[in-house]
Amino acid sequence: MEHRYIGRSGLRVSPLCMGTMTFGSFCDMKTAFAIMDKAYERGINFFDTAELYPVPPRASWAGTTERIVGEWLATKPRDSVILATKVAGAASGWFVPPIRHGLTAIDRFHIDRAVEGSLKRLGTDYIDLYQMHWPDTVVPIEESLEAFDRLVQSGKVRYLGTSNDTAYGLTKANETSRYLGYARFESIQNNFSLLNRRFLDELATVCRKEKISLLPYAPLAGGVLTGKYNGEFFPPEARFTRYLQDKNPRVRAQAAKYLNDKTLEATALYMEVAELAGMSLTTLAVAWSMHHDFVASSIIGATSPEQLDDSLAALEVTLSDEVLKACDGVHDAILYPMG
């Protein structure tokens, strides 16, 4: 198994990371254990979760995923697993998290409360990578970074990362850390896939120049890049089929971003590329996300152990220049299908 370092940290991770955001909602504990066991047995040493999971976010579910991951983690040597989790972003942003009574912020109080809760649910005394789930537009970044740095100095957290951030936000944070002598963000976890190449516009340059790693989430665009939505009818148990029927307008809007005429048209073309390349569309999409030099580990998900097979197959794939050019051709024909 090839391993890659995250940023300038000592975290040496498998090029695929096992995402867990469906554990406790779309799959139960027994299934989640089977998924994690299969990934671990195939050499995956990197597991990502969050205090907010599972999805879709609900007050009654929050923290369930960390508890499931924690019970599984107890069956493995702790230092054989690189464990990542996240503090929920601020309620002042695009979404009000259904935890801590909808009053979350990336301030000293909430960071301390969040990490203590995560450590307890995960059953561990340290977190390898602690991430800000999304930025706070109100609390000064200096306060956030001081609180994060204290976690590193205390040994509760080894390294820091951010997610759902911009080129400006990442650069501002890390320049502030450098000036004040705080631990910096070694990674950024953003949406990145064949259907969403926005990261290449600016953030890729920041990562390359500053030696920060991208941990792409949704390399399969939430399952759209499996091709399962390209049939005559959407599969009734699929995630976005459920999201489109959700009472929450934000959840329905998220589904529409991933699932629209342009994404389905682009997916049909990528299916042709994958067929000519002799692999499944899932394998192509995951291999494409792993291909980039600024990527440390691509985060895959599953609701059954069998769903892992095509994603794990990407570990054995090196995409040819011809296949990469064909993928670029689809993007050129249908620019930014997710907006």
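The values are calculated or read from the model by the stated rules, or taken from the named source; none is laboratory data. All of these numbers come straight from a predicted model, not from anything done at the bench. Every residue, glycine as well, gets a Cβ built from its backbone with ideal geometry; the counts of neighbours run over all protein chains shown. Just the protein is used for accessible areas: all its heavy atoms, side chains included, with ligands, DNA and RNA removed. Shrake-Rupley method; radii C 1.70, N 1.55, O 1.52, S 1.80 Å.
The residues on offer are L194, L203, and the sole one that is in contact (Cβ under 8 Å) with a residue 24 or more places away in the chain, farther than 25 Å from T303 by Cα, surrounded by 15 or more Cβ atoms within 10 Å (Cβ to Cβ) and of a type in the set (A, V, I, L, M) is L203. Within region 229-240, being touching a residue at least 40 places away in the same chain (Cβ under 8 Å) and either part of a loop (DSSP other than H, G, I, E, B) or hydrophobic (A, V, I, L, M, F, W, C) (or both) holds for one residue alone: N230. Scan region 241-264 and tell me whether some residue there is closer than 25 Å to F294 by Cβ, open to solvent by less than 10 Å² (accessible area, probe 1.4 Å) and in a helix (DSSP H, G or I). There is at least one residue in region 241-264 that is closer than 25 Å to F294 by Cβ, open to solvent by less than 10 Å² (accessible area, probe 1.4 Å) and in a helix (DSSP H, G or I).
Suppose we keep only residues that are of a type in the set (S, T, Y) and part of a loop (DSSP other than H, G, I, E, B) within region 93-137. Which one would you say is most open to solvent (accessible area, probe 1.4 Å)?
If we filter region 93-137 for residues that are of a type in the set (S, T, Y), which is where we start, we get 104, 118, 124, 126, 130, 137.
Subsequent filtering for residues that are part of a loop (DSSP other than H, G, I, E, B) retains 104, 124, 126, 137.
Details: T104: 7, T124: 19, Y126: 51, T137: 111 Å².
Here the residue is T137.
Could you list, in sequence order, the residues of region 190-220 that are assigned to a strand (DSSP E or B) and either within 24 Å of K257 (Cβ to Cβ) or β-branched (V, I, T) (or both)? Passing the criteria: N191, S193, N196, L214, Y217.
Going residue by residue through region 55-68, is there one that turns out to be at pLDDT 95 or above, more than 20 Å from the chain's Cα centre (by Cα) and either under 20 Å from Q254 (Cα atoms) or open to solvent by 20 Å² or more (accessible area, probe 1.4 Å) (or both)? Yes, region 55-68 contains at least one residue that is at pLDDT 95 or above, more than 20 Å from the chain's Cα centre (by Cα) and either under 20 Å from Q254 (Cα atoms) or open to solvent by 20 Å² or more (accessible area, probe 1.4 Å) (or both). Before we move on, is E146 assigned to a helix (DSSP H, G or I), over 30 Å from A74 (Cβ atoms) and touching a Phe, Trp or Tyr at 6+ places or on another chain (Cβ under 9 Å)? Judged against the criteria, E146 is a match. Regarding A50, is this residue open to solvent by 10 Å² or more (accessible area, probe 1.4 Å) and touching a helix residue (DSSP H, G or I) at 6+ places or on another chain (Cβ under 8 Å)? No; evaluated as a whole, the condition is false for this residue. Output the residues belonging to region 288-339 that are open to solvent by less than 10 Å² (accessible area, probe 1.4 Å) and among the small types (G, A, S). Within region 288-339, S289, A296, S297, S298, A302, S311, A314 qualify.
Scanning region 154-164 for residues that are within 17 Å of V139 (Cα to Cα) and either open to solvent by less than 20 Å² (accessible area, probe 1.4 Å) or modelled with pLDDT under 95 (or both) yields T162, S163.
Of all residues in region 271-287 being out of contact with any helix residue (DSSP H, G or I) (no Cβ under 6 Å at 6 or more places or on another chain) and touching a residue at least 12 places away in the same chain (Cβ under 8 Å), which is least open to solvent (accessible area, probe 1.4 Å)?
Applying the first criterion (out of contact with any helix residue (DSSP H, G or I) (no Cβ under 6 Å at 6 or more places or on another chain)) to region 271-287 yields 272, 275-276, 278-279.
Filter once more, keeping what is touching a residue at least 12 places away in the same chain (Cβ under 8 Å): 276, 279.
Working: L276: 161, M279: 46 Å².
Applying the filter and picking the extreme gives M279.
For T267, state whether it is of a type in the set (S, T, Y), assigned to a helix (DSSP H, G or I) and surrounded by 19 or more Cβ atoms within 10 Å (Cβ to Cβ). Spelling it out, T267 is indeed of a type in the set (S, T, Y), assigned to a helix (DSSP H, G or I) and surrounded by 19 or more Cβ atoms within 10 Å (Cβ to Cβ). Taking the conditions exactly as written (in contact with a Phe, Trp or Tyr (Cβ under 9 Å, 6 or more places away or on another chain) and either closer than 29 Å to T22 by Cα or surrounded by 18 or more Cβ atoms within 10 Å (Cβ to Cβ) (or both)), does L214 satisfy them or not? It is true that L214 is in contact with a Phe, Trp or Tyr (Cβ under 9 Å, 6 or more places away or on another chain) and either closer than 29 Å to T22 by Cα or surrounded by 18 or more Cβ atoms within 10 Å (Cβ to Cβ) (or both).
Using the structure shown, decide if A59 is in contact (Cβ under 8 Å) with a residue 24 or more places away in the chain, more than 26 Å from D28 (Cβ to Cβ) and of a type outside the set (D, E, K, R). No: the conditions fail for A59.
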